[in-house]
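One structure is given below, encoded as structure tokens.
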Amino acid sequence: MIMWQMWIDMHLARYFEERVQWLFSKGLVHGTTHLGIGEEATAAGTIAAMKSQDYVFGTHRGHSQAIAKGIDVKYMMAEILARETGVCKGKGGSMHIADPDIHYFGADGVLGASAVMCVGTALATRKRKEEDRISVVFFGDGTSNEGATWEAMNLAAVWELPVLFVCVNNTYGMSTPIQDVMKDTDIAKRAYPFGMPAKTVDGNNVLEIYHASVEARKYVASGKGPMLLVENTYRISGHSKSDGNLYRTKEEIESWKEKCPIKAFRMYLIENELFTEEELDKAAKAAADEIEQAEEFAKASPEPSFDDLMNDVYA
Amino acid sequence: MKEITYAQAINDAMCEEMIRDETVFFMGEDIAEYCGAFGVSRGMLEKFGKDRIMNTPISEQAFVGAGIGAAMVGMRPIVELMFSDFMCVCFDELVNEAPKMRFMFGGKVKVPMVMRTPSGGGTGAAAQHSQSLEACLAHFPGLKVVIPSTPYDAKGLLKTAIRDDNPVMFLEQKTLYRTKGMVPEEEYTIPLGVADVKRSGTDCSIITYGRMVQMSLEAAQRLMEEGINVEVVDIRSLVPLDHKTIIESVRKTRHVLIVHEAVQFGGFGGEIAGQIADSEAFYYLDAPIRRLGALSCPIPFNPNLEKAVFPTVEKIVAQVKSLL
Ligand SMILES: Cc1ncc(C[n+]2csc(CCOP(=O)(O)OP(=O)(O)O)c2C)c(N)n1
């Protein structure tokens, strides 16, 4: 069941983003969007190990995180196309996809901000004595250098809050390779000064991520305090629409396409005879259809009305 | 003269100053190979090398603070913030440190740092990447605030800002980066605190800056077709503010509309209105001072909603007409 879910989530994410990329190239998407093609296992594997009541904070590259958390891709696509039916009513866009109804507190445009707010949801959970509910924050390798990230780790640690810090390490912050901005690129060591455990996994191996996340959740939910998971992966897509890929080689990108997390997972599922080729293809096709329907739904949806403009500025 | 873009003008100003003065260096996120989010620093890494074109970690407090420190001991850093909205992440450095060091230390240090950052909306970047936050910067004595509206102004003002001995916030306009204009081939600078009358007129003054200058000029053009002759004053810097040019213009036209892209409520237009009201120009006014800024609303993603939030040529035209 879990494997099936991860297989579907990874496909939904891949197809969703490929479609957004295409729509973008046709000039149908306004603004900008950050795609995480190649990183799908991190979201699918981590969130599969969480419970639906857990709070999740995503990144600006968060479409796959929203999908794994259970967002309806129809409403996410409508948001990207700035429609009234969008999950944020057309007011947020790709960089702010969120759905608090499913405890997904979304993408944020200011790096580091999610980590500190995540400490807050964990604090509330503890104050209300809620058991078996943790708060998860995804952030990039680049964002791990942000002061707010360090402050969040310290506060969560010293207050022993149920926070799971998940660093999606794709080895670049925009165009900047991590070795240019970190003396020691072993990000897991950053947990050490806060007395918090850390684990590093292959971020293109969804099963390894899943198992590590199950263990991590168990630890965090037990009340011992936060934990850091570092998931090493690679962003195949450019940083955003303005990326000319001048900071990396074609060969490097190609070599990571070989390590595609979806391909690897497929091989595992077939070799271990967990599913047949046919079953997997059928599920992938269903995911593709769902994205196609989402696009149709979005395109058929109206633009937001001017009457709605000033709503939600204040509660 | 040659025709270049606003982005190129900024690039040229930085390059010329870096050649002229070796204490000038440039740092920020992804400014080297990536050339910044808007490609402003294209070619600079090749020209000046990694020691002077420095990619920083994503740590705004650290590198903005480091800029201040380096400036205190004789360097002239140019620091880029990828989007002006991120100034909030390093607000302490920009508010409590850079503008106050000289005064607090009895005039014994200076902070000759320029912070360049793309500001404003119109690109569909939504609520956290589209703001115009200049009014809050103008509020802090010790900080200068510059917003150029043309390639010519951008180059001349940036060169002056780099040579200035004070911290200068240089707010560039995202939607202007690709616009073109004529720039002299020989060296020139423009002093801070001198407004530029971009169009001279007799019936109403539009006091404005940044992206709204072009829109105001378009509005003036349309109004001219109806026989209304509008003057457009581009203040170019909020601090120092060219009080004299504003007052002279208002005395001449007896009507004034202040236009800015920032949220109208609490925006810099209130200050300009106050300056006019406190001056002798007040007695010349034939109508109340009018302001036009953005609605009190975070910037929405949807392009039509976004447009509805900001001033437009149509709105400017309507406001001027209602004044006369
Ligand atoms: C406070 C802040 N600084 C800078 C940026 C601009 N920015 C957006 S994404 C990005 C790179 C982030 O790198 P990383 O955290 O590694 O995540 P990735 O983009 O690789 O997924 C930068 C610099 C921002 N959004 N917020």
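Computed quantities for the displayed model
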read-out: Cut-off under 5 Å, modelled amide H: who pairs with A:Gly106 long-range; value: A:Gly58, A:Asp99
read-out: Top of A:Ser25, A:Ser64, A:Ser237 by mean-square fluctuation, Gaussian network on chain A, Cα under 10 Å; value: A:Ser25
read-out: Distance between the stretch A:1-55 and the stretch B:259-324 - C-alpha centres, whole angstrom; value: 43
read-out: 3J(HN,Hα) from dihedral phi, the stretch A:238-243, Karplus parametrisation 6.51/-1.76/1.60, rounded to Hz, x for glycine, proline; value: x, 4, 7, 5, 8, 7
read-out: Ellipticity estimate at 222 nm from DSSP helix runs (n ≥ 4, -39,500 (n - 2.57)) divided over the protein assembly as shown, nearest 500; value: -11500 deg cm²/dmol
read-out: Cα gyration tensor shape of the protein assembly as shown, rounded if a/c is under 1.5, else prolate or oblate by comparing a/b with b/c; value: prolate
read-out: Neighbourhood charge, 10 Å Cβ-Cβ cut-off, centred on B:Ala281 and excluding it, Lys, Arg +1 and Asp, Glu -1; value: 0
read-out: Straight-distance crosslink candidates among aspartates and glutamates, where the alpha carbon sits under 17 Å from B:Lys315 and sequence neighbours closer than 8 are dropped; value: B:Glu218, B:Glu225, B:Glu226, B:Glu231, B:Glu261, B:Glu306
read-out: Cα-based shape type of chain B, given that a ≥ b ≥ c are square roots of the gyration tensor eigenvalues and the cut on a/c is 1.5; value: prolate
read-out: The stretch B:21-51-the stretch A:138-174 distance, computed between alpha-carbon centres (Å); value: 28
read-out: Ascending count of other beta-carbon atoms within 10 Å, so fewest first, for A:Thr33, B:Thr179, B:Thr117, B:Thr23; value: B:Thr23, B:Thr179, B:Thr117, A:Thr33
read-out: At least 18 Å along the helix axis (C-alpha) and Kyte average at least -1.0, DSSP helices within chain A; value: A:2-25, A:113-127, A:206-219, A:277-300
read-out: Sequence-distant residues sharing a close amide H with B:Met54 (under 5 Å, placed H); value: B:Phe26, B:Met27, B:Gly28
read-out: Rounded to 5, the percent of DSSP beta bridges in chain A classed as antiparallel; value: 10
read-out: Rounded to 10°, Cα long-axis angle of helix B:211-225 versus longest principal axis of chain B; value: 20
read-out: DSSP bridge pairs, the protein assembly as shown: antiparallel proportion in percent, nearest 5; value: 20
read-out: At most 16 other Cβ within 10 Å, DSSP loop - GluC sites (Glu not before Pro), the stretch A:186-277; value: A:Glu273
read-out: For B:299-311, mean number of other protein chain Cβ atoms within 10 Å; value: 6
read-out: Net +/- balance of residues flanking A:Ala124 in space, Cβ distance below 11 Å, scoring K and R +1, D and E -1; value: +4
read-out: FRET efficiency for B:Lys110 and B:Glu16, using Cβ-Cβ distance with R0 set to 22 Å, rounded to 0.05; value: 0.50
read-out: Amide hydrogen neighbours beyond the local backbone of B:Ile258, cut-off 5 Å, H modeled; value: B:Ile207, B:Arg290, B:Arg291, B:Leu292
read-out: Whole-angstrom gap from the stretch A:287-315 to the stretch B:79-109, using each part's C-alpha centre; value: 41
read-out: Chymotrypsin sites (Phe, Trp or Tyr not before Pro) restricted to the stretch B:236-303 and DSSP loop, no more than 15 other C-beta within 10 Å; value: B:Phe265
read-out: Cα-based shape type of the stretch B:204-324, given that a ≥ b ≥ c are square roots of the gyration tensor eigenvalues and the cut on a/c is 1.5; value: oblate
read-out: Derived scalar couplings ³J(HN,Hα) [the stretch B:188-198; Karplus, 6.51 cos²θ - 1.76 cosθ + 1.60; whole Hz; x for Gly, Pro]; value: 8, 9, 10, x, 6, x, 10, 6, 10, 7, 6
read-out: Ranking of A:Ile236, B:Ile272, A:Ile102 by count of other Cβ atoms within 10 Å, fewest first; value: A:Ile102, A:Ile236, B:Ile272
read-out: Fewest-first sequence of B:Ser132, B:Ser296 by Cβ atoms within 10 Å of each Cβ; value: B:Ser296, B:Ser132
read-out: Filtered trypsin sites (Lys or Arg not before Pro), the stretch A:111-150: DSSP coil and at most 12 other beta carbons within 10 Å; value: A:Arg128, A:Lys129
read-out: Net charge over other residues, Cβ less than 13 angstrom from the Cβ of A:Ile8 (K, R count +1; D, E count -1); value: -2
read-out: Paramagnetic reach from A:Leu28 in the stretch A:270-293 [backbone N under 20 Å; point 7 Å along Cα→Cβ]; value: A:285-293
read-out: Reachable lysines from B:Lys174, criterion Cα separation under 18 angstrom, eight or more residues apart if same chain; value: A:Lys241, B:Lys155, B:Lys307
read-out: Estimated FRET transfer efficiency when R0 is 35 angstrom, pair A:Asp184-A:Asp132 (beta carbons, to 0.05); value: 0.50
read-out: ³J(HN,Hα) computed for each position of the stretch B:61-68 - Karplus, 6.51 cos²θ - 1.76 cosθ + 1.60, integer Hz, glycine/proline x; value: 4, 5, 7, 6, x, 5, x, 4
read-out: Set of lysines with alpha-carbon distance to A:Lys285 below 26 Å, sequence-local pairs under 8 removed; value: A:Lys26, A:Lys69, A:Lys74, A:Lys257, A:Lys259, A:Lys263, A:Lys299
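Where a number appears in this text, it was derived from the coordinates with a stated rule and is not lab data. Computed from a predicted model, the values in this text were never measured in an experiment. Please note: Cβ atoms are built from the backbone with ideal geometry, for glycine as well, and neighbour counts cover all protein chains shown.
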